[in-house]
Structure formats: C-alpha cells, structure tokens
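To start, the structure under review is shown below, and the notes come after it.
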Amino acid sequence: MQKIVVEGGAALNGEVRISGAKNAVLPILCATLLADAPVRISNVPRLHDVVTTEKLLTQLGAGVIDRGDGVIEVDPTTVNSQVASYDLVKTMRASVLVLGPLLAKYGHAEVSLPGGCAIGSRPVDLHIKGLQTLGAEITVENGYIKARCERLRGARHVFDIVSVGATENVLMAATLAEGTSVLENAAMEPEIVDLAQCLNAMGARVEGAGSNRIVVHGVERLHGGEHSVVPDRIETGTFLVAAAMTGGRITATHARPDTLDAVIDKLKEAGAQIECTADTITLDMGGRRPRAVNLTTAPHPAFPTDMQAQFMALNCIADGVAVINETIFENRFMHVNELVRLGADIRVDGHTAVVRGTERLSGAPVMATDLRASASLILAGLVADGETTIDRIYHLDRGYENIEAKLGALGARIRRIS
Ligand SMILES: CC(=O)N[C@H]1[C@@H](OP(=O)(O)OP(=O)(O)OC[C@H]2O[C@@H](n3ccc(=O)[nH]c3=O)[C@H](O)[C@@H]2O)O[C@H](CO)[C@@H](O)[C@@H]1O
Ligand SMILES: C=C(OP(=O)(O)O)C(=O)O
C-alpha cells in the first residue's frame, strides 16, 4: 500500500495551479445522463472519484471518453441500464447522484444505498423526500433505492435541513419535470451554482442557484453542451493553510477567491496577508507563527466542514487556544488522535474540539482516516520535526490531484512510497 512521507521544516513558496473541483465535477458527470446528446466537460481533475464516476457511467451504458487532458466527453445516448450497483456506490457516496437524472430521464432507477462513511452516518432520506415531492414512487428494498414515475411533476419542496447532495439530486431531476419546481432551503454551495450553469448550458432553465431558493422550469429535453468545472475551493484552502503554517508565501492560480470568503477571513485572522485578483490568491505569512482561530462549520457561505481538519492542523502549531465546532458531520474529528500522535494538544467534547497550540510537532507514523483528515496530516507533517509517514492515502487520492507533486514544487520535502 502506498504511503506519503513528509519531512518537516521547509517554508512553502511559489505558485500552485488549482484543479477543477471534485464536488462540482461528480454531480456534473451524473448530470450528463439527463442529456440526449454528448456533453463535453473540461477542467476535470485527475482524481480517483472521477475514475469511479466514469466506471459508473460506463456500467450504465454511457460512452465515456477521457481525453486525459482534463476533458471528458460523455455520450449518454447509449445508456441501457438504470441500476447503480452496490460495488461502485459503496466506494463513493456521490454515486447516489445518478438517482435523480436516471429517474427523470427514464422514469425509473435503482441505486444502491450508499451507507455511512467514516465521518458520519450520512443518510439519503432528504434526496428521497425531494424526489417524492416531484411525484416519484420510492421504496427501499434489499439495500436499493427503487424509484419510479412516468414523468416527474414540478412542485414546491422545502428541504428539512440544508443538504448539498439532496439539493443536487432534486435540482437535476426537476430539469426534466413537467412544470416549475421551487426548491426552498436549498444548499448555496458554489458547486451547486456550477452544476446549475452546466445544466443551463445543456438547455435547462434553472434560476436562483447560489441562493436558498432555486426555481427550475422543467423542459422536454436537454441537449448536449460544454462546461468547464469551477476551481476547487477546498484544494485552494488546503494549499493556503499549508503556506500559512510554514510561514511561507504562495500564489494559488486558476482559483476562485469569491468562493472562499469564510476561509480567507480565518486565514487573515490567523495573521496572513492576503491579496486576491479575480482568479488568484496570494498568501504571505512572512515567517510568522499563525495565531489560533476559533471556527464553527456550517453550510455555505459559512465556514466549510471540508476545511475543518486543515484548520485543526494549523491551530495545533498556532499561538493561543482555538475552539472548533463541527456542526455538519457527527464523527468528523478522527484526525484528532493522529494529530495528537504528532504532539498536538487537543481535547474533544462532543462536537467541540479545544486545540492548544504548541511550538513544535514531532514526526511519526500516522494513519489517514478520511479525505480531509489525510490532508491535515500532511499539513502537520510539513511543520513537524523529522519525518511523518502517512498510511492509507487512498483517501487522499479520492480528492486531491497530485498533491505531493504540487507541494513538492512549492518546496515541500514530500514523497510517495510503495
Ligand atoms: C460530493 C460532495 O459534494 N460532497 C460534499 C457534500 O456531501 P453531502 O452532499 O453528502 O453532504 P450534505 O450536505 O448532504 O450533508 C449535510 C448534513 O445533512 C445530513 N443529511 C444529508 C442528506 C440526507 O438525505 N439526510 C441527511 O440527514 C448529512 O448526514 C449531514 O449531516 O457536502 C458536504 C457538506 O458541505 C461536504 O462535506 C462534502 O464534501
Ligand atoms: C467529505 C468529502 O467528500 P465526499 O462527500 O465525497 O465523501 C470531502 O470532499 O471532504
């Protein structure tokens, strides 16, 4: 099994090119199923989750051409199965996002229940309820969600709680429904906006994405189209935190600063100087030690849960005490015990972690438990004395494109070993 070895102590300097967003490209690839002509997606990151989605689309019968240069062409006209099997869905929860498109296009779909994952139980009841509001008959049998409906009907639906995935599934389904749907208490994440832009490029009529009220005027068909995936705000934030922790200066290029307000505010609070243009972010820490920053995760535009672990790593070596509240997932502190193995001082009580910054961490073998936990361990390794070896990095490869090459180009001493 592969591992990543980091030798701490180097300040990061230079430029890093940000990839397309994992959390945008996955729903967008699923959305191509709605079209009745080929769709071309560019700025696609090379990620394990993208490969899994390609396999899923292929299993459904779609033609998938990955041109290897960040462009994927999906031909959905050859789809001949509406069943997403457990084998693939269990490896990637986002596979459940084929449910809405398949149901809307073909009138039926069977998608394996994704089950829980390391960070929480992550049910899909809100996806099901939303599709039921549009008229779907849904049962859950033998571990599969079985959905059926001749043609979905536009309706008003209020999500019980804000869910990114449920908003995406219902939004995609509503594009082919008869009449208008109004989705209230919708998620407002930039990835929802990107999905809506892609759907509109395919002929959908979606308004209000990015607000908590999305209006979808159903159309008879979606045609092919082209879309370039929004830059990954979580990858961007991860590199910015790395630079802040090491006292360095980096510029993230091909980024979208306007999707990162809460993260940029916290980095400034930690003492970083930050300058943005429309598509770059320069962070200068000037060799200073970061100050501790309190944070509470919440749906966009508040602080993203997908950046919590990275800021935990920053707080481990910051000046002061930080209180971190995780309000989205019930079990998203699994990096804590591993950070403690590196010398961090962290106490967890329920959804709250109290982090007392220490001047030094010391390298050790650690184990990644999930995607962002893996990133936090790399960040801690960048500032720890000696070597940190991170095991189970397959989590990392789900969501970061070439992270060791990108960090290495910024001056980090990092390598992958088998
Ligand atoms: C592929 C993708 O885009 N993943 C992101 C997406 O995950 P995902 O879409 O799975 O996350 P949700 O926004 O749905 O989850 C938010 C909360 O709602 C709960 N919930 C969700 C659906 C449901 O039917 N019932 C229910 O109770 C979840 O358990 C969680 O506590 O948003 C999360 C929250 O920003 C991010 O951490 C993930 O990186
Ligand atoms: C939790 C994450 O992803 P997923 O929803 O794909 O598990 C993440 O990107 O941090």
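What follows is calculated from the coordinates using simple rules that are stated; it is not laboratory data. The model shown is predicted, which means the values in this text are computed figures rather than measured ones. No Cβ is skipped: glycine too gets one built from the backbone with ideal geometry, and neighbour counts run over all protein chains shown.
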### Message
What's the whole-number percent of alpha carbon pairs in region 80-121 lying beyond 17 angstrom?
### Response
31
### Query
Once the Cβ-Cβ distance between THR358 and ASP265 is put in as r, and R0 is 25 Å, what FRET efficiency do you end up with, to the nearest 0.05?
0.50
### Query
When the distances between all Cα atoms of the chain are binned every 20 Å from zero, what whole-number percent does each bin get?
28, 55, 17, 0
## Note on the structure
Taking every DSSP bridge whose two residues both lie in region 309-418, the antiparallel percent to the nearest 5 is 65
#### Entry: Mean ellipticity per residue at 222 nm, deg cm²/dmol - from DSSP H runs of n ≥ 4 across the chain, formula -39500 (n - 2.57)
-9000 deg cm²/dmol
### Query
In straight Cα distance, which lysines are under 16 Å from LYS90, not counting same-chain residues fewer than 8 positions off?
LYS55
### Query
Using the beta-carbon distance between ILE65 and ALA405 and R0 = 25 Å, what value does 1/(1 + (r/R0)^6) give for FRET efficiency, to the nearest 0.05?
0.50
### Summary
Cα gyration tensor of region 365-418 diagonalised, 5x eigenvalues square-rooted, in angstrom largest first, produces semi-axes 16, 14, 10
### Query
For region 53-157, what are the per-bin percents of Cα-Cα distances with bins 10 Å wide, up to the bin holding the maximum?
15, 43, 32, 10, 0
